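Reading through the C-alpha cells given below for one structure.
Values quoted throughout were computed directly from the atomic coordinates according to the rules given, and no laboratory measurement underlies them. Predicted model only: the values in this text are computed from it and were never measured. When we count neighbours, we look across all protein chains shown, and the Cβ atoms used for this are built from the backbone with ideal geometry, even at glycine.
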Amino acid sequence: MISITGLTKSYGSKAVLKDVDLRILPGEVVAIIGPSGAGKSTLLRCINMLEVPDSGQIHVDGRQVFYKPNVRGKLGLLDQFRLTWLRQEISMVFQQFNLWPHRTVLENLLEGPVISKREKRPSAKPRALDKLRSVGLEEKADAYPADLSGGQQQRVAICRALMMDPKAILFDEPTSALDPELVNEVLDIMTKLARSGMTMVIVTHEMKFAREVADRVIFMEHGGIVAEGPPAEVFQHPRLRVYASHLSH
Amino acid sequence: MGISEPGAVAAEYFPIFLNGALTTLAIVAAAIVCATVLGYLVATMRLSRNRGLRIFAAAYVWLFRGLPLMLLLFFFYYTQPFGLTLDAFTAGLVAMSLNSASFFSEIIRAGLKSVNAGHLEAADSVGMNPVQKFLRVTAPEGIRLMTPPYINNCIIMLKESAQISVITVPDLMLQGQKAYNSTYNVMETLGVVAAMYLLMTSLLMVLQIAIEKKTGRKLGTTKSLRESVGSMA
C-alpha cells in the first residue's frame, strides 16, 4: 500500500530522518511512537508530501510519488497533477484539527469531494451527514468550528478525511491538542475506524491506545526506526522501556 | 452675480457638484481597482522566494510610499513621461494607482501572512490545487484581517483625490472652487462639497461594517464570546 525506502530529510545541518524504510500493508493500523524530535511527524508528513524529503523513494499503490533527484541533487515537488492524485488517495488528520473556520461543519466536509474531486454536491451531502451521524455530530452540521469543542472538531476532521474515500489516513498526534477529558471520544472513533479495516498510520503519545489498537508499533528515536513489530514485542524493547518510564502513564 | 440668497448657490450649482462627485467616484473607483491588482502583485513579489522580485517589490514600496501624491500628479501630467502625453484624468489615475498600490501591497502582504498555515495544509491535504486553495482558503481568511486597513486606505484615497483638481481634473473639489470663484459664497459652496465628500466616505464605512459583520460572525467570535455579548444586549 505505502512503501518507503531510504528516506532522508534534514533542516539545515540537522538530520531529521536518516535513511528510513517503512512498509504499510492494506488494512494495517500502524502506530509511530517515540520522544519529541524523533522525526515521527516529519516521516508522516513526507508520505503525502506536505514535507518534501531530501532523498529516498515513496510508493503509494505501486506508484512512485516523487521524482528522482534533479541535476542539483534535490528532489523537486511533484507536478500538481500527481500531487493531487496522491492527496486524494491519502487523507490527513492534524494535531490542530485545521478545520476551515469560515465554513460550517457540513461545508468543511464537502470541500474535499466537491472542490477537489468534483463530486456533485447532492451526492456528497448525504454522505457527509452519514459520516457526521457516525461520530454523533449530525446536529452540528450547520455550526461553525469555533462553536465546537476540541474533541468535536477533531471528530469532524476525521469525517473530513473520510469524505475523500481514502486508501489510508495519516494521523499526526490527533489527541495531543485536546483537553484530557476529550481524548477518549476521539480515540473511540479511531478504534472503530481501525476495526472497520481502514489503513491508518498514527503518530501518537497514547501508549495504551498504541498497545491495544495498533497491529504494528514503530518506535523512533533520533530520526531512525529503533524497533518495530507487534505491540507486545515492541513494548518489551529496552529503549522503549526507558522512554515509557519517562511518561506518566 | 453678487451675494445670493441662502441656498441659491447650492441649488443652482447642484448638478455641477453632482457631476464633480461622479468624476471623483469614477477616478477613485478605477484607482482602487488598479491599485488593488498592482498591490497584490507587489505583495506576492515581496513574499516570493526569488530575491530579485523581493528587492524590486521593496524598492517599489519605498519609492511610491515615500513620494507625495502631488509630485506624482505633476510628473505624470506635465512631463510627458516616457514620451506619453496623458490627459488630466489618466495622469491622475496613474499617479493615484501607483501611490496607493504601495500602501495596498503592505496591507495585502499582512493579510496573506495572517492566513493560518495549518488551514492551508488542510487544503493541500484534500488535494486542492493552488488556485482552489487561494480562492477557498487564503482569500476568505485574509480578507477578514485586511478589511479595516483596506477600507481605511480607500477612504484616504477618496479624500486625497481632491488633489487631482490641481491638474484640472473636473472633480468635486474643482467644481466647488469654480462655484465659489464665480459666486463668492465660499461658506455655502464648501458646505455642499463637504456634505458630498462625507456622504461618499460614509458609504465606504458602511461597507466596512457590513464586511466585518459578515466575516467576523463566522471567524472572529467564539461561541462563549458571542453569548456573553448577546446577554449584554
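When the dipole is taken about the Cα centre of the range A:107-172, and only Lys, Arg (+1) and Asp, Glu (-1) are charged at their Cβ, what size is it in debye, to the nearest 20?
320 debye
Hey, could you grab the Kirkwood Rh for the range B:1-129? Inverse mean 1/r over distinct alpha carbon pairs, Å, one decimal.
The Cα-based Kirkwood calculation yields 17.8 Å.
Given chain A, what percent of its DSSP beta bridges are antiparallel, to the nearest 5?
Bridges in chain A that DSSP calls antiparallel: roughly 55 percent.
Using only the alpha-carbon atoms, how far is helix B:8-46 inclined from the longest principal axis of chain B? Give it as 0 to 90 degrees, nearest 10.
Between the helix axis and the principal axis of chain B, the angle is about 30 degrees.
Taking the Cα atoms of the protein assembly as shown, report the difference between the largest and smallest coordinate on each principal axis, in whole Å and largest first.
Sorted largest first, the three principal extents are 104, 60, 43 Å.
Going by C-beta contacts inside 10 Å, put A:235, B:82, A:97 in order with the fewest on the left.
Listed from fewest to most nearby Cβ atoms, that is B:82, A:235, A:97.
Using Cβ counts within 10 Å as a stand-in for footprinting exposure, how do B:53, A:99 rank, fewest first?
B:53, A:99
Which of A:242, A:170, A:134 sits closest to the plus end of the dipole of the protein assembly as shown, meaning its Cα is farthest towards the positive end, when Lys and Arg get +1 and Asp and Glu get -1 on the C-beta?
Farthest towards the positive pole: A:242.
From the helices alone, meaning DSSP H stretches of at least four residues, give me the mean residue ellipticity at 222 nm for chain B, per-run term -39500 (n - 2.57), in deg cm²/dmol to the nearest 500.
Here the helix-only value at 222 nm equals -26500 deg cm²/dmol.
Nearest 0.05, what FRET efficiency do residue A:61 and residue B:206 give at R0 = 51 Å with Cβ-Cβ as r?
For residue A:61 and residue B:206, the calculated efficiency is 0.40.
Tilt of helix B:51-66 relative to the longest C-alpha principal axis of chain B, in degrees (0 to 90, nearest 10)?
30 degrees
Which value in deg cm²/dmol, rounded to the nearest 500, describes the helix-derived mean residue ellipticity at 222 nm for chain A, given -39,500 (n - 2.57) per DSSP H run of n ≥ 4 and division by the residue count?
Counting only the DSSP helices, I get -10000 deg cm²/dmol.
For B:180, B:60, what ranking results if the residue with the fewest other Cβ atoms within 10 Å of its Cβ goes first?
In order of increasing Cβ crowding within 10 Å: B:180, B:60.
What size of dipole, in debye to the nearest 20, comes out for the protein assembly as shown about its Cα centre when the only charges are +1 on Lys and Arg C-beta atoms and -1 on Asp and Glu C-beta atoms?
Around 1020 debye, computed over the protein assembly as shown.
Which of the pairs B:113/B:159; A:18/A:167; A:120/A:140; A:40/A:120; A:40/B:214; A:40/B:213 have their Cα atoms more than 31 Å apart in this structure?
In this structure, A:40/A:120; A:40/B:214; A:40/B:213 exceed 31 Å between Cα atoms.
Which percentage, to the nearest 5, of the DSSP beta bridges contained in the protein assembly as shown is antiparallel?
55 percent
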